[in-house]
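Only one structure is covered here, and it is reproduced in the block below.
No value in this document is a laboratory result; all are computed from the given coordinates. Only a predicted model underlies this, so the values are computations on that prediction, with no experimental measurement involved. A quick note on method: Cβ atoms are made from the backbone with ideal geometry, for glycine too, and the neighbour counts reach across all protein chains shown.
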Amino acid sequence: MATYKKRGFKPKNKEEEAQLEEHDSTTAEVFNTLDEGASKTEAWVQKNQNYILGVIGVIAVGVLAYLGYHQFIQNPKEAAAANELFYPQQYFDQALASETEKDSLFTLALNGAQGKYGFLDIIEEYSGTKAANLAKYSAGMTYLNLKQYDQAIEHLEGFSSDDDIMGAMAKGGIGDAFSQLNQPEDALDYYEKAIAHSDNEFTAPRFLHKAGVIALELGEKSKALGYFERIKEEYPNSQEANSIDALIGLAQN
């Protein structure tokens, strides 16, 4: 326990007096050490003041540059890209609704027309924007409809999204492309990724059905049965559930 000296306190003997002197000496050494440390720190700061100010300046410039980049470059770029995306998306939507001009409209969606960008132009000119990312998805789906499956895979793999529907559709689209290329193992892998991405009512039964059919083709009946039973139990109101009993029967035989 540390000792302290009361006012008017007198040591009882020489031993106690020696202990007090030793304590006072130790305390003084501590304060001297602290003073020396503070002096050294102060001296170091003075000696390296220009360096410290330089580092602070670099950090400040970096922060301002980051904020300026987003406000004056990235944000306007995002707005311009989103505006450009509107035109090819119209061609894409028209192609889906058309019975006779699908291919020509899909081509216009990819390459643009009348001075307007297509999906491919937006991907190149507005790289790093959200619109360019969406353009990769639309370009992939366009190539899928044009039966250019390698290109479809390339663009859909370049698309990234946490969205339940679009994320699953992109992975399922890659599965469709691999299926058309007669690569059923790869197709099944991507259908399973689409299922794992989201269990929403729209995409889950769709890709459970496709995964089950591919699994049957590969002779993996137990896996196929699991997918078909999930449709029956979890998505009984889906379109895929209408003929699910027949598929369950095939998987059980």
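Miscellaneous remarks
- Peptides 211-220, 108-117, 239-248 ordered by packing proxy, namely the average of other Cβ atoms within 10 Å per residue, highest first: 211-220, 108-117, 239-248.
- Farthest toward positive dipole pole in the range 143-248 [+1 Lys/Arg, -1 Asp/Glu at C-beta], among Ser161, Asn200, Gly212: Gly212
- When each of Lys102/Lys223; Lys116/Lys136; Lys77/Lys136; Lys102/Lys221; Lys102/Lys193 is checked by Cα-Cα distance, pairs over 27 Å: Lys102/Lys223; Lys102/Lys221; Lys102/Lys193
- The modelled label-to-label distance between Lys102 and Asp162, using points 7 Å beyond Cα along the C-beta direction, is 3.5 nm.
- Contour minus Cα-Cα distance for Lys116 and Ala246 (0.36 nm per residue): 41.9 nm
- Modelled spin labels at Gln183 and Ser222, positioned 7 Å past Cα toward Cβ, are 2.8 nm from each other.
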